[in-house]
Amino acid sequence: MSELKEKILQLLKEDARYSADLLATMLGVPAEAVKAAITEMEEDHTILKYTTVVNHAKLDEDKVTALIEVQITPERGRGFDAIAERIYMFPEVASVYLMSGGYDLLVEIEGHSLREVANFVSSKLSTLDSVLNTKTHFILKKYKQDGVIFENHEGDHRMMISP
């Protein structure tokens, strides 16, 4: 990947609202070169989507996010991919990651209540043939996501020193 594309990606990860003209100014290159690089990265699926980070605590809605550790038996010939595909097709699933360590997949789901999440785990996820074990963790509060700090506390951040 070219240095220009890497710099564009870094800036877009910082703020996806940057226009091609602003990116060109920031990078000191012609706007046409930035537009061409972005188009190329969109077409080759390097850039998949432009997203918004939402602080759901500020909205008047109940939302529960859970991280589920899943141990699975890989399928012959397809490994972990086939079961990961089955899991990410559920509409409740926000993300699925293949992990190293004590479990195989980390599944992030969103629901409107603890009961809804529990129902997903017990009736949809745990019943899949390849699933051996699950462990569910509920997110109680988000402090930072995708590089964005949710509550920026202004003021003195020095540690207190006592004699």
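Laboratory data are not the source of any read-out in this text; all were calculated from the coordinates shown. Just so it is clear, the model here is predicted, and its values are computed rather than measured. Here the Cβ positions follow ideal geometry from the backbone for every residue, glycine too, while neighbour counts run over all protein chains shown.
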- Item | Globularity index of the chain, i.e. its alpha-carbon radius of gyration over 2.2 N^0.38 Å | 1.37
- Message: Could you derive backbone 3J(HN,Hα) for region 2-12 from the dihedral phi with the Karplus parameters 6.51, -1.76 and 1.60 (θ = phi - 60°), listing whole Hz in sequence and x where the residue is Gly or Pro?
- Response: 6, 4, 4, 5, 4, 5, 4, 4, 4, 5, 5
- Query: Helix-derived [θ] at 222 nm for the chain: sum -39500 (n - 2.57) over DSSP H runs of at least 4, divide by residue count, nearest 500?
  - Reply: -8500 deg cm²/dmol
- Query: Using alpha carbon centroids, what distance separates region 58-134 and region 9-27, in Å?
  - Reply: 34
- Message: From the phi angles alone, apply the Karplus equation (6.51, -1.76, 1.60; θ = phi - 60°) to region 126-135 and give each ³J(HN,Hα) in whole Hz, x where the residue is Gly or Pro.
- Response: 5, 7, 5, 4, 7, 7, 9, 7, 9, 9
- Using the Karplus curve 6.51 cos²θ - 1.76 cosθ + 1.60 with θ = phi - 60°, work out ³J(HN,Hα) for each residue of region 59-69 in order, rounded to whole Hz, and write x for Gly and Pro. 8, 8, 8, 8, 9, 10, 10, 10, 10, 10, 7
- Query: Would you list I47, I8, I149 from fewest to most Cβ contacts within 10 Å?
  - Reply: I149, I47, I8
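Report, please, the projected area of region 58-142 averaged over directions, based on the convex hull of its C-alpha atoms, in nm².
On the way: hull surface 23.3 nm².
Averaging across all directions leaves 5.8 nm² for the Cα convex hull.
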- Farthest towards the positive end of the dipole of region 1-133, among V53, T127, G111 and with Cβ unit charges of +1 on Lys and Arg and -1 on Asp and Glu, lies the Cα of T127
- Task: Mind listing the long-range amide H neighbours of I47? Cut-off is under 5 Å, sequence gap 5 or more, other chains count too, H placed in the peptide plane at 1.01 Å from N.
- Result: E42
- Of all the stretches in the chain, which is the longest one without any exposed loop site, taking chymotrypsin sites (Phe, Trp or Tyr not before Pro) in a DSSP loop (any state but H, G, I, E, B) with at most 13 other Cβ atoms within 10 Å? 51-142
- Task: Counting only C-alpha contacts under 8 Å and six or more residues apart, can you give the relative contact order of region 3-43 as a whole percent?
- Result: 37
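Computed over the Cα atoms of region 5-52, what is the convex hull's projected area averaged over all directions, in nm²?
If you wrap the Cα atoms of region 5-52 in a convex hull and average its projections, you get 2.9 nm².
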- Reachable lysines, given that their alpha-carbon falls under 26 Å from the alpha-carbon of K141 and they are not under 8 places away in the same chain: K13, K49, K58, K63, K124
